[in-house]
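Everything on this sheet refers to the single structure shown next.
Bear in mind that the values in this text are calculations on the coordinates, not laboratory data. These numbers come from a predicted model, not from an experiment. Using ideal geometry, Cβ is built from the backbone for each residue, glycine included, and neighbour counts are taken over all protein chains shown.
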Amino acid sequence: MGILSNISGREAVKVFKKIGYYVARREGSHMVLNNDKEGYPILVIPDHKELAPGLLRTQIKRVHLTVEEFNRLRKKSR
C-alpha cells in the first residue's frame, strides 16, 4: 500500500481531472466531481487545506486507482 502525503482538496481534484473528472458544482466547502464515462462514481471532495488520508484513499479506490498510480499522476501535474 502506498504512502499518501498531505494533499489539499484542490490538488486532489487536479489529479482526478486527469482521468476524466470535472467539477460539476460546489456545495458549501465541497466540490462535486462527475465523470461521463460509465462505471465512474460521483466524487465529493472537501475544499480543505489538508484531506484526511482515509477519505482520500477511499476516493482513490472508488475510481479504480492504486495509491501508487494516484501519486504518479500527482507528480506529473507539478
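Odds and ends about this structure:
- Every residue from the stretch 1-43 that is among the β-branched types (Val, Ile, Thr), free of Cβ contacts under 8 Å to residues at least 60 places away in the same chain and either surrounded by 13 or more Cβ atoms within 10 Å (Cβ to Cβ) or part of a helix (DSSP H, G or I) (or both): VAL13, ILE19, VAL23, VAL32
- Subset of the stretch 45-78 that is among the β-branched types (Val, Ile, Thr) and surrounded by 12 or more Cβ atoms within 10 Å (Cβ to Cβ) - its residue that is farthest from ASN6 (Cα to Cα): VAL63
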